[in-house]
Amino acid sequence: MYLKRYRNSNVRDALRVAREELGAEALVLSRELVPVRGWRGWIGHREIELTVGAERRPSADRHAQADERDAPQSAAEALTARLVAGGLDRALAREIASDLPASGRRGATLHSLSGALASRLSELAVDDDEFARVEVFVGPPGVGKTTTIAKIAAQARARRGPRLALIAADGFRIGAVEQLRMYADIIGAPFTVARTAGDLADALSAGRRQTTLVDTAGRPVSDTSTRELFRLIAGRRDVRTHLVLAADTSVSTARRIFDAYEEARPSRLVLTKLDEAGSLSPLVGLLRDRQLPISYLGTGQRVPEDLNRATAQLLAASVLGEPKAVTHLHS
């Protein structure tokens, strides 16, 4: 009896390929769950391996014809299934598989997958690093707005760039205000507290020439003071607003956050807590759908180390769950 092993993400597809090659009478002799070949196997993902038997080995002609007809398509399907099993959005997984040459789909390397993914995500990465006159950061509580602002200001100071002014537009979180005040003192940045939207308007009109980073309260978007703040920042031409979102947010919750903060008219997205999420793959479909350019990636709590300007390569590494590939900007 001729024996051969077949791997796939599920029994049905593995058996289909086996019977196309060995004939309809091929028998499954064993079934086993084994580590996926390549980078997904390294992080614990598994697939089905079938040992299939046939009375005789398929003829060379038939084998060659089957390979010529089915191999490219089967390889693309198998790669797509592997990427989906790893948590990637199916549409994006198909695009990546089609981007790779047929000869590179079987046993695709982390390097080739990362390159194909980066090309698909390039439209999500901000391609400029110039500050706007006013940079405002909005988002739900606990996503890391205050820490993100501190990192940006500290990195600019470390690079001997412009000294950024900091405003705590928060009349509710005393701890957050004092935390930002402490960072401002450490790096020697001008600091202002704006308890109301009117206070913020006065602070922004005070004639400062340097870029100003504005931290906002994580209050409900239905709150009157929050809506006043959103109207203020949406009406100014010198303001660029960043929506801050934790990378470990569920897709359904992230969708609601995007919708809730629409009134603030964010033109950038900051993704934080990548170290806690492990991978961006669950969110990547929604991020591509919303098309909000990503400005920064936060990878931890250290100030100023754990913050990076978003690039297509870093986004690809984050989606593939390769935190070691996300290097620090200042290093």
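The values are calculated or read from the model by the stated rules, or taken from the named source; none is laboratory data. All values derive from a computational prediction rather than experimental measurement. Ideal geometry is used to build each Cβ from the backbone, glycine not excepted, and the neighbour counts take in all protein chains shown.
Condition test on Ala81, is it under 27 Å from Thr249 (Cα atoms), modelled with pLDDT of 75 or more and not basic (Lys, Arg)?
On the way: under 27 Å from Thr249 (Cα atoms): yes; modelled with pLDDT of 75 or more: yes; not basic (Lys, Arg): yes.
Against the criterion (under 27 Å from Thr249 (Cα atoms), modelled with pLDDT of 75 or more and not basic (Lys, Arg)), Ala81 qualifies.
Evaluate segment 133-150: report whether one residue or more is under 19 Å from the mean Cα position of the chain (by Cα) and among the aliphatic types (A, V, I, L, M).
Yes.
Would you check which residues across segment 207-232 are within 26 Å of Asp129 (Cβ to Cβ) and either at pLDDT below 85 or basic (Lys, Arg) (or both) and list them?
Those that are within 26 Å of Asp129 (Cβ to Cβ) and either at pLDDT below 85 or basic (Lys, Arg) (or both): Gly207, Arg208, Arg209, Gln210.
Quick one: in segment 248-288, which of the residues that are touching a Pro at 6+ places or on another chain (Cβ under 9 Å) and crowded, with 22+ Cβ neighbours inside 10 Å is modelled with the highest pLDDT?
Leu269
Filter segment 98-112 for residues that are of a type outside the set (Ser, Thr, Tyr), assigned to a helix (DSSP H, G or I) and more than 18 Å from the chain's Cα centre (by Cα); which is nearest to Val214 (Cα to Cα)? Quick ask: steps written out before the conclusion?
To start, the set of residues in segment 98-112 that are of a type outside the set (Ser, Thr, Tyr) comprises 99-102, 104-108, 110-111.
Okay, now just the ones that are also assigned to a helix (DSSP H, G or I), so 99, 102, 104, 110-111.
The next check asks that each one be more than 18 Å from the chain's Cα centre (by Cα); those that pass are 99, 102, 104.
Working: Asp99: 41, Ala102: 49, Gly104: 47 Å.
Among them, the one singled out is Asp99.
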